[in-house]
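Structure first, commentary second.
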Amino acid sequence: MAAVLAAVLLAGCAQSVDPIERLGKKAAQRVRPHGPAAEPPYRRWGLTAPLTPAPHPAARPPAAHPAAPGLPPVVSRVPTRDPVVFLTYDDGAEKDPRFVDMVRELRLPVSMFLTDSVVGPGYGHFARLQAVGASIQNHTLDHPAMRGLPFAGQRAEICGQQDKLRSRFGHRPRLFRPPYGAYDRTTLRAAARCGVAALVLWRAASEGDGSLTYRRGGHRLRPGDVVSLASGETAALTLRERTTRVLREAQHRRLTVGRLEDYL
């Protein structure tokens, strides 16, 4: 009788095993979590197709011609046949954490030109952007129009931000964008003194409503174009929305996004 009771108790314990285990190994392998499949990142950010990977740039990038011997070149379009455009962002006013997610998920090699007085206490946001692949570049300390300023003032604006960015991000930027695109020969001399390799302007700009305007040449994106997206609270569209529009236009032209620092 004791043996029978023990057998019954053991059988009861066996029935308490997890239900998935009772299905058997093969049945358990067929169990799948419920819910729709994860949405592809490109769709999540408003694109209809994934971005084409950028080609590997040449070991020796195309030379940008200096304004004069010993002075950095001024670039608004990279002389390349690679089907790439370059996304550059000015000032640092918008600090949307979802933009960090966008850069990470789409693997966008963006370049952030930062102004110290605009970024204010928000450098942590740009450290997160740097961690997901963005590069950090110089856009002066206080965002003045540089043209016409004395050499000492221009050098202070450029070198001062070089020092700030080095202390916060661990490197001195190679690229500099003068506010408003305004510069003169004194700007070039000051930039050279501060260790700048190139002044970066732009051929295309994304306006607050998402439309693209062009400084010269054809009114469409072309290989090598530098695109400027200024940040600001007054824009009708967010930086994310305007970035999506630029990406859609690039895809329409069979272009993708390249890393500017690989070409300069």
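The values are calculated or read from the model by the stated rules, or taken from the named source; none is laboratory data. Predicted model only: the values in this text are computed from it and were never measured. Glycine also receives a Cβ, built like all others from the backbone with ideal geometry; neighbour counts cover every protein chain displayed. With ligands, DNA and RNA removed, areas are computed over all heavy atoms of the protein, side chains included. Shrake-Rupley method; radii C 1.70, N 1.55, O 1.52, S 1.80 Å.
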key: Filter pass, residue 213 being buried (at least 16 other Cβ atoms within 10 Å of the Cβ) and polar (S, T, N, Q)   = no
task = Might you check whether a residue that is open to solvent by less than 60 Å² (accessible area, probe 1.4 Å), modelled with pLDDT under 95 and hydroxyl-bearing (Ser, Thr, Tyr) occurs anywhere in region 113-122?
result = no
ask   = Has region 155-167 got any residue that is touching a residue at least 60 places away in the same chain (Cβ under 8 Å), among the basic types (Lys, Arg) and open to solvent by 30 Å² or more (accessible area, probe 1.4 Å)?
value = no
task = Note down all Cβ pairs under 6 Å where the first residue falls in region 109-128 and is under 20 Å from residue 201 (Cα atoms), the second is assigned to a helix (DSSP H, G or I) and open to solvent by 10 Å² or more (accessible area, probe 1.4 Å), and they're at least six residues apart or on different chains.
result = 116/164
inquiry  = Here's a check for you: in region 109-163, which residue that is among the acidic types (Asp, Glu) and touching a helix residue (DSSP H, G or I) at 6+ places or on another chain (Cβ under 7 Å) is nearest to residue 180 (Cα to Cα)?
reply    = 142
key: residue 175, sole failed condition from (1) out of contact with any strand residue (DSSP E or B) (no Cβ under 6 Å at 6 or more places or on another chain); (2) open to solvent by less than 40 Å² (accessible area, probe 1.4 Å)   = (1)
remark   = Residue set 44, 104, 22, 32; condition among the basic types (Lys, Arg), modelled with pLDDT under 85 and surrounded by 10 or more Cβ atoms within 10 Å (Cβ to Cβ); output residue 22
message = Are there helices (runs of 4 or more DSSP H) fully within region 63-135 with at least 2 residues that are touching a Lys or Arg at 6+ places or on another chain (Cβ under 7 Å)? List them.
response = 97-106, 123-131
task = Could you tell me which residue of region 232-255 is modelled with the lowest pLDDT, considering only residues that are among the β-branched types (Val, Ile, Thr) and open to solvent by 10 Å² or more (accessible area, probe 1.4 Å)?
result = 234
message = Suppose we keep only residues that are open to solvent by 10 Å² or more (accessible area, probe 1.4 Å) and assigned to a helix (DSSP H, G or I) within region 141-154. Which one would you say is nearest to residue 72 (Cα to Cα)?
response = 151
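Residues are listed down the side, and each one gets a yes or a no for (1) more than 27 Å from residue 69 (Cα to Cα); (2) outside any loop (DSSP other than H, G, I, E, B):
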{"site": "163", "(1), (2)": "no, yes"}
{"site": "183", "(1), (2)": "no, no"}
{"site": "187", "(1), (2)": "no, yes"}
{"site": "199", "(1), (2)": "no, yes"}
{"site": "202", "(1), (2)": "no, no"}
{"site": "208", "(1), (2)": "yes, no"}
{"site": "249", "(1), (2)": "yes, yes"}
{"site": "254", "(1), (2)": "yes, no"}
{"site": "261", "(1), (2)": "no, yes"}
